[in-house]
Amino acid sequence: MKKHRGKPIVPITDTRIDNYSEEHTTPESEEIKDLIRSSDEELEYIDMLSGRVVGQLLKILVKISGAKRILEIGTFTGYSAIMMAEALPEDGTVVTLEMNLRYQNIARKHFEDSRVGHKIQLIPGNAQDSIKSLNEEFDLVYLDGDKLRYSFYFEQALPLLRKGGLIVADNVLWDGTVLEPEDNKAKAIADFNRKVAEDKRVEQVLLPVRDGVNIIRKL
Ligand SMILES: C[S@@+](CC[C@H](N)C(=O)[O-])C[C@H]1O[C@@H](n2cnc3c(N)ncnc32)[C@H](O)[C@@H]1O
């Protein structure tokens, strides 16, 4: 898989441990493997894609929480939307928000070809606006786009989330740079992690899985 972020500044886990974890995690469906292959052929970089360990973590969270309505910020080529849709019951839905036209078109094609595509609704446009137009209740929110504004999406998503529902935020260690944040993204993500940690409306566990996953539960 081609990468564009390069070498982590602080390794979160040893690469051998990452590889071992991945090898011992349930493999993706053939459909998802095809999506990875075609995304890799079509795009210069695909390291934005959540990957097997986070993808399978999402699937297990969807199943054990009994989630039926999922909101995703950041579709990219549709990997995590399809992974979560695979874990949903037949009447479940993933609403996924994406502003990049090229990614929307690729994702739409993957959803059309997918066995679970009928469970996925892609809302094109800037998620900062789209999220404000939603007034339905969600059981799980996957926060994986627009890293500078994680705190904004947290505030928007919390009222939409049922009591006991989950917000799963990816890349919350940002290659370890949250320890000494210098650039805007590292600062925004570090602020988000601090804000969540101080918020009495939620409980959370920040796991050093891949690039960091914060699993937040609404009390
Ligand atoms: C890390 S990728 C998502 C990866 C995807 N969840 C997966 O596992 O394949 C982040 C995505 O968020 C999108 N994005 C960034 N800012 C956005 C915004 N303000 N509104 C909507 N989409 C946005 C980017 O275009 C990109 O496709």
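The values are calculated or read from the model by the stated rules, or taken from the named source; none is laboratory data. Just so it is clear, the structure is predicted and the values come from calculations on it, not from any experiment. We place every Cβ from the backbone using ideal geometry, glycine too, and count neighbours over all the protein chains shown. With ligands, DNA and RNA removed, areas are computed over all heavy atoms of the protein, side chains included. Shrake-Rupley method; radii C 1.70, N 1.55, O 1.52, S 1.80 Å.
Out of the total accessible area of the chain (probe 1.4 Å, heavy atoms of protein only), what percent is carbon and sulfur?
52 percent
Cα-based Rg of the range 15-218 per 2.2 N^0.38 Å, rounded to two decimals?
Rg over 2.2 N^0.38 Å, computed on Cα atoms: 0.96.
If I take all pairs of Cα atoms in the range 163-215, what percentage of them are more than 18 Å from each other?
On the way: 382 of 1378 pairs.
Roughly 28 percent, rounded to a whole number.
If packing is taken as the average count of other Cβ atoms within 10 Å, what order do 11-22, 116-127 fall into, highest mean first?
On the way: 11-22: 12.2, 116-127: 17.7.
Highest to lowest by the protection proxy: 116-127, 11-22.
Karplus couplings for the range 21-35 from phi (6.51 cos²θ - 1.76 cosθ + 1.60, θ = phi - 60°), rounded to Hz, Gly and Pro as x?
4, 5, 5, 9, 10, 3, x, 6, 5, 4, 4, 5, 4, 5, 4
Once you compute Rg and the Kirkwood Rh from C-alpha atoms, what is the Rg to Rh ratio for the range 1-119?
Taking Rg over the Kirkwood Rh, I get 0.96.
HN-Hα J couplings of the range 91-108 from phi, Karplus 6.51/-1.76/1.60, θ = phi - 60°, integer Hz, Gly and Pro as x?
Per-residue couplings from phi come out as 9, x, 9, 10, 9, 10, 10, 8, 9, 7, 4, 5, 5, 4, 5, 5, 4, 4 Hz.
For G165, list long-range residues whose amide hydrogen, built 1.01 Å from N in the peptide plane, is under 5 Å from its own amide hydrogen.
K218
What accessible area per residue comes out for the range 15-218, rounded to a whole number of Å², with a 1.4 Å probe?
Solvent-accessible surface per residue comes out at 47 Å².
What shape does the range 94-162 have by the C-alpha gyration tensor, where a ≥ b ≥ c are the square roots of the eigenvalues, rounded means a/c under 1.5, and otherwise prolate means a/b greater than b/c and oblate the rest?
Here the range 94-162 falls in the oblate category.
Output the antiparallel fraction of DSSP beta bridges having both residues in the range 91-219, as a percent to the nearest 5.
50 percent
I'd like to compare 199-206, 28-35: which one has the highest average count of other Cβ atoms within 10 Å, and what's the full order after that? List each step's numbers first, then the result.
Working: 199-206: 13.1, 28-35: 16.2.
The packing order, highest mean first, is 28-35, 199-206.
What is the ratio of the Cα radius of gyration of the range 111-219 to 2.2 N^0.38 Å, with N the residue count, to two decimals?
1.12
Order these peptides, 42-53, 170-181, by their mean beta-carbon neighbour count within 10 angstrom, highest first.
170-181, 42-53
Would you pull out the residues with amide H under 5 Å of S50's amide H, same chain only if 5 or more places away, H placed 1.01 Å from N?
S80
Among bridges DSSP assigns within the chain, what percent are antiparallel (round to 5)?
The answer is about 35 percent antiparallel.
Alpha carbon centre of the range 8-60 versus the range 161-207: separation in Å?
Cα centroid to Cα centroid, the span is 21 Å.
Along its principal axes, what span do the Cα atoms of the range 94-134 show, with the longest given first and each in whole Å?
That works out to 30, 21, 7 Å along the principal axes.
Rounded to whole Hz and in sequence order, give me ³J(HN,Hα) for the range 176-192 from the Karplus expression 6.51 cos²θ - 1.76 cosθ + 1.60, θ = phi - 60°, writing x for Gly and Pro.
x, 6, 5, 5, 9, x, 10, 7, 4, 5, 4, 5, 5, 6, 4, 4, 4
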